[in-house]
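Taking it in order: structure first as structure tokens, then the write-up.
Only the coordinates and a few stated rules stand behind these numbers; no lab work does. Just so we're clear, the structure is a prediction, and the values are computed from it rather than from any experiment. In this analysis, Cβ positions are derived from the backbone assuming ideal geometry, glycine residues included, and neighbour counts consider all displayed protein chains.
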Amino acid sequence: MKFRFPIVIIDEDFRSENASGLGIRALASAIEAEGVEVLGVTSYGDLSSFAQQQSRASAFILSIDDEEFDVDSPEDVANAIKNLRAFIGELRFRNADIPIYLYGETRTSQHIPNDILRELHGFIHMFEDTPEFVARHIIREARSYLDGLAPPFFRELLKYAQDGSYSWHCPGHSGGVAFLKSPVGQMFHQFFGENMLRADVCNAVDELGQLLDHTGPVAQSELNAARIFNADHCYFVTNGTSTSNKIVWHANVAPGDVVVVDRNCHKSILHAITMTGAIPVFLQPTRNNLGIIGPIPLSEFHPDTIQKKIEANPFAREALNKKPRILTITQSTYDGVIYNVEMIKQTLGSSVDTLHFDEAWLPHAAFHEFYTDMHAIGRNRPRSEDAMVFATHSTHKMLAGLSQASQILVQESENRQLDRYMFNEAYLMHMSTSPQYAIIASCDVAAA
Ligand SMILES: Cc1ncc(COP(=O)(O)O)c(C=O)c1O
């Protein structure tokens, strides 16, 4: 499949008639002769906005030549190195893998400090090799970088959509063909484009694996996401966190179980209470004079308070097992109220079986120190001794996922492992047998 990822060359002399301009243009032509696009610019411009171009490039070639790098002037050298370091720092902050080359004279290379050299794929010595050879070398590295970009499921979906197989399976539009038979279908086809329709396939396509029993490339992508989010398990869900919440509940809660629920919970949790036949006791959040709900006061989380609520509830106090089966907290309300998960694990980890954090609005939290301990599962987060921890994420809300992209993360406790077969029965109960593959791919890509 043809993607547009030009090799970006930054050289003051890119359009000049001097030796260095001729040299860099010869390299650019040699790259283009291999069928690869080149984007030539003459300055870094605004550092950070330029570094953002990393997502559209397949490699960077930064030229440092004599004029900006006058080796006889220590001040010039220090200045040039400062600019170079800032630019490469910006690039690497956003992209650890993209190939970066410096291009210059051999005597210039001797002045490049180690911390900069370490970030490079190479130093191209001006006039040492033929432009054709250098071009092929850079293109090889650029291709290898691009080949490594797509995560497991998206990679296979790309392959499948481009290999020209006829579609004999559902959906009935057969790779988009049915849309071509009517004027309005043509409009639809032209608007959404062929790739979306070719990639809209049935779960009978073996080579893409199965979301429903977590096999093949889909399973690899769920494993990859589990690794990235530091969870023991990750399950992609294509019907939103409304469905993820119900799956978590049906996997853990039986009729007559006592459950503890944030009174300001999402409707899907209320539906889960109804569907499982659980007996809820509610944690009551505060509401301020602006109408903003939350936080739940600390005292509400105390095991004694919860026991009192159970005793005060005519159904709960008659329950066979009064140990709450699950606690569900809205972890980030719509207004941004969040709780310290480690505190909740310590306070309730032994008196509630399962801690469920509805993180529909918080899938990004694992990636910023601002949220340390204020989200369910992440790096260096200790296991609870007894309580299993679940997080449900709307990938589509705060990460780059298509609508309805969602995921369930699980952190097992020291004493309990997830029964994956039991869990999957609940998963199957709520999942469609025709999941939308573009949504699965967006879960995969959002994680990557
Ligand atoms: C706290 C909470 N949980 C769950 C959901 C449902 O998520 P989805 O829209 O992905 O089904 C929402 C949606 O707004 C929500 O705010």
Compute the length gained on full extension between Ala204 and Lys308: take 0.36 nm times their separation in residues and subtract their Cα-Cα distance, giving the result in nm to one decimal. 32.2 nm
Within region 362-381: backbone nitrogen closer than 14 Å to the Met343 label point (7 Å, Cα to C-beta): 372-375
For the chain, set up a GNM with springs between Cα atoms under 10 Å and report which of Gln331, Gln110, Gln210 has the largest fluctuation. Gln110
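Looking at the chain, what % of its DSSP beta bridges pair antiparallel, to the nearest 5?
Beta bridges within the chain, antiparallel portion: roughly 25 percent.
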1/(1 + (r/R0)^6) with r = Cβ-Cβ of Ser43 and Leu22, R0 = 30 Å, i.e. FRET efficiency to nearest 0.05, evaluates to 0.95
Arranged from highest to lowest average of other beta-carbon atoms within 10 Å per residue, in what order do the peptides 272-285, 387-400 appear? 387-400, 272-285
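Order by neighbour count: Glu342, Glu90, fewest other Cβ atoms within 10 Å first, most last. Don't skip to the end; give the middle numbers.
Details: Glu342 15, Glu90 18.
Result, fewest neighbours first: Glu342, Glu90.
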Could you line up Lys323, Lys309, Lys82 from fewest to most neighbouring Cβ atoms inside 10 Å? Lys82, Lys323, Lys309
Environment charge of Ala400, counting only residues whose C-beta is closer than 15 Å and scoring Lys/Arg +1, Asp/Glu -1: +1
Prolate/oblate/rounded label for region 390-446 (Cα gyration tensor, a/c 1.5): oblate
Span-rule helices in the chain, defined as complete DSSP H runs reaching 27 Å or more along the axis (Cα) with Kyte mean at least 0.5: none
Plugging the Cβ-Cβ distance of Asn114 and Ala448 into 1/(1 + (r/R0)^6) at R0 = 35 Å yields, to the nearest 0.05, a FRET efficiency of 0.70
Note the full-extension length gain between Phe188 and Glu75 as 0.36 nm times their separation in residues minus their Cα-Cα distance, in nm to one decimal. 34.6 nm
Any residue on another chain or 5+ positions along whose placed amide H is under 5 Å from the amide H of Asp65 is listed here as none
Between region 365-401 and region 149-172, how far is it from one alpha carbon centroid to the other, in angstrom? 31
Most fluctuating of Thr347, Thr330, Thr108 in the GNM of the chain (C-alpha, under 10 Å) is Thr108
Along region 2-10, what does the Karplus equation 6.51 cos²θ - 1.76 cosθ + 1.60 (θ = phi - 60°) give for ³J(HN,Hα), rounded to whole Hz, x for Gly and Pro? 8, 10, 9, 9, x, 7, 9, 10, 10
Compare Pro435, Pro382, Pro217 in a GNM of the chain, Cα atoms joined below 10 Å, and give the one with the largest fluctuation. Pro382
Find how much the distance from Leu149 to Ser434 grows on full extension, using 0.36 nm per residue of separation minus their present alpha carbon separation; answer in nm with one decimal. 99.9 nm
Please compute P(r) over all alpha-carbon pairs of region 153-198, binned at 5 Å starting from zero, and give each bin as a whole-number percent. 6, 22, 28, 24, 14, 5, 1
Which Cys residues of the chain have no other Cys beta carbon under 4.7 Å away? Cys234, Cys265, Cys443
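Would you mind ranking Trp361, Trp249 so that the residue whose beta carbon has the fewest other beta carbons within 10 Å leads the list?
Details: Trp361 21, Trp249 27.
The most exposed by this proxy come first: Trp361, Trp249.
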Estimated FRET transfer efficiency (His125, Lys159; beta-carbon r; R0 25 Å; 0.05): 0.05
If amide H atoms are built 1.01 Å from N in the plane of the peptide, which residues on other chains or at least 5 residues away come under 5 Å of the amide H of Ile326? Val260, Asp353, Thr354
